[in-house]
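Working notes for the structure below.
Here, each number is a calculation from the coordinates, and none is a lab measurement. Given the structure is predicted, the values throughout are model-derived calculations rather than measurements. So basically every Cβ, Gly included, is an ideal-geometry build from the backbone, and we count neighbours across all protein chains shown.
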């Protein structure tokens, strides 16, 4: 299990799910710079294991294509069903997904994404009420 974590900043906890180590580190830096605590997972299986042990995760920022038993879209649906209050951002450089394929309240960003847009969306989501179940 990848145990990389940014230094806690007192902000909300964000789980970043990404199999590319460089993109993962960049996303964790982005999250930390924005004032949030980032937790890393290299795939959906690791993400679920983390979510089962941590009740403080407020948002999951996941890639779509990654190794493991499920991809990022299936992970987003699983999270919405099991942990409905968690906000979801899904990103991909290879697949363009319509938000209608994602669970209610999830947002999609194409890679390479604009860091300012991601930070603004995270802030907006965390200031909003928990997303609805489907």
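Points worth noting:
- Listed values (1) 7.5; (2) 8.5; (3) 7.1, entry calculated as mean projected area of the Cα convex hull in nm²: (3)
- Antiparallel bridge percentage (DSSP; both residues within the chain; nearest 5): 5 percent
- Mean residue ellipticity, 222 nm, helices only, the chain: the sum of -39500 (n - 2.57) across DSSP H runs of n ≥ 4, divided by residue count and rounded to 500, is -11000 deg cm²/dmol.
- Panel order for 52, 46, by other beta carbons found within 10 Å of each beta carbon, from fewest to most: 52, 46.
- The chain: relative contact order in percent, alpha carbon pairs under 8 Å with at least 6 residues between: 21 percent
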